[in-house]
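Right, one structure below, let's go through it.
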Amino acid sequence: MTRRISLTQYLIEQQRQHGHIPQELRLLIEVVARACKRIAISVNKGALGEVLGTAGSENVQGEVQKKLDIIANEVLIEANEWGGHLAAMASEEMEGIYVVPNRFPQGEYLLMFDPLDGSSNIDVNVSIGTIFSVLKKPEGSAGVSEADFLQPGTQQAAAGYCVYGPQTTLVLTVGDGVVMFTLDREQGSFVLTEDEVKIPEDTKEFAINMSNMRHWDAPMKRYIDECLEGSTGVRGKDFNMRWIASMVADVHRILTRGGVFMYPWDKREPNKAGKLRLMYEANPMAFLVEQAGGAATNARQRIMEMQPTQLHERVAVVLGSKNEVERVTAYHLG
């Protein structure tokens, strides 16, 4: 790319010239991006900012919280509650929804986020990130309730993530393709560095936690076994495995060069549909991947068509290069 424009300019063009987003949504995305810049500063300081280690508390899922989990959650709430664009927020780190206080004007959008995905990587200086999803508050709804958030992923108005790695990169969709912005630290702004992001339909890379293989069901084992057989097996080609244990980082690699990411159901918790959260992780990532020409399923159905039944619902995830996702899904359906 030779034309470099800021996130603000890009969003204004999407609003004025293309009519893809209303002004309120544009302003909301800008506020989320500013919050991500603040989180990036804390992440980059690391031990110097005394933000490493655990906070001595657990979130609603019973997971030990890192100090940065809490900091990132607070930054996103404080940045977004007063702008007048939101009615309420929901976070992976909070049990219930956060309704915008009465002292601030209430908007028509709902914001969901995983404030810091990949928390296990914080202390070892591996890429982590923030995932967000925006929904429109249902019309005719008096006040705002948890039920207002329980919309299928197809209803998302926008979704994205910010990955805090060697570069801080914001990846965004408003339903018209996927674009990437890189944080210019000298200017303090996100600059468009890639548009029309496309995921190759075929790939030779897969991302999965192989240590759990003994717990998977037969179709998933079959798919991985075929990949491991390489060029002498039924697939007739050699595969590479990548696993960062940070969904943001793994999905960012797939958006950049292709691949398939899998976090399947396993028999250790047979009554849970999966490990990842439908509302905070699976839906926004599925929206991005589909907008880039990929596919995203729970190994049996399209993730974005699933009807959520609870705020912290979990789901199995298979997403990335279209042909590989379709193969994994066909094995499970077969």
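Working only within region 254-265, note down all residues that are in contact with a Lys or Arg (Cβ under 8 Å, 6 or more places away or on another chain) and on the phi < 0 side of the Ramachandran plot. Quick ask: steps written out before the conclusion?
Going through region 254-265, the residues in contact with a Lys or Arg (Cβ under 8 Å, 6 or more places away or on another chain) turn out to be 259, 263, 265.
Of everything in region 254-265, those that are in contact with a Lys or Arg (Cβ under 8 Å, 6 or more places away or on another chain) and on the phi < 0 side of the Ramachandran plot turn out to be 263, 265.
Of all residues in region 282-324, how many are of a type outside the set (S, T, N, Q), surrounded by 24 or more Cβ atoms within 10 Å (Cβ to Cβ) and part of a helix (DSSP H, G or I)?
So the answer is 9.
For the condition surrounded by fewer than 23 Cβ atoms within 10 Å (Cβ to Cβ) and within 24 Å of residue 316 (Cα to Cα), what is the one hit in 152, 115, 138, 166? Outline the logic, then answer.
Numbers: 115 fails: surrounded by fewer than 23 Cβ atoms within 10 Å (Cβ to Cβ); 138 fails: within 24 Å of residue 316 (Cα to Cα); 166 fails: within 24 Å of residue 316 (Cα to Cα).
Unique residue meeting the criteria: 152.
Residues of region 239-272 being closer than 19 Å to residue 326 by Cα and either in the same structural domain as residue 97 (by TED's automatic domain parsing) or part of a loop (DSSP other than H, G, I, E, B) (or both), which ones?
239, 258, 259, 264, 265 - these are the residues of region 239-272 that are closer than 19 Å to residue 326 by Cα and either in the same structural domain as residue 97 (by TED's automatic domain parsing) or part of a loop (DSSP other than H, G, I, E, B) (or both).
Name the residues in region 73-98 that are of a type in the set (S, T, N, Q) and over 21 Å from residue 22 (Cα atoms), would you?
Scanning region 73-98 gives 73, 91.
Suppose we filter region 22-39 for residues that are surrounded by 20 or more Cβ atoms within 10 Å (Cβ to Cβ) and out of contact with any Cys (no Cβ under 7 Å at 6 or more places or on another chain); how many remain? Can you show your working first?
Just the residues of region 22-39 that are surrounded by 20 or more Cβ atoms within 10 Å (Cβ to Cβ), to begin with: 25-26, 28-29, 32-33, 35-36, 39.
The next check asks that each one be out of contact with any Cys (no Cβ under 7 Å at 6 or more places or on another chain); those that pass are 25-26, 28-29, 32-33, 35, 39.
Qualifying residue count, region 22-39: 8.
What's the number of the condition residue 203 fails, among (1) surrounded by fewer than 18 Cβ atoms within 10 Å (Cβ to Cβ); (2) more than 21 Å from residue 10 (Cα to Cα); (3) not charged (D, E, K, R)?
(1)
For residues in region 1-21 being touching a strand residue (DSSP E or B) at 6+ places or on another chain (Cβ under 9 Å) and not in a helix (DSSP H, G or I), which is surrounded by the most Cβ atoms within 10 Å (Cβ to Cβ)?
21
One residue is enough: does region 254-276 have a residue meeting the conditions crowded, with 23+ Cβ neighbours inside 10 Å and among the β-branched types (Val, Ile, Thr)?
yes
Considering only region 75-137, give the strands (runs of 3 or more DSSP E) lying wholly within it that have at least 2 residues that are of a type in the set (Phe, Trp, Tyr) and at pLDDT 95 or above.
Here the list reads 109-117.
The values are calculated or read from the model by the stated rules, or taken from the named source; none is laboratory data. The shown structure was predicted, so the numbers you read here are calculated from the model rather than taken from an experiment. Methodologically, a virtual Cβ is constructed for each residue, glycine included, from the backbone with ideal geometry; neighbour enumeration extends over all protein chains shown.
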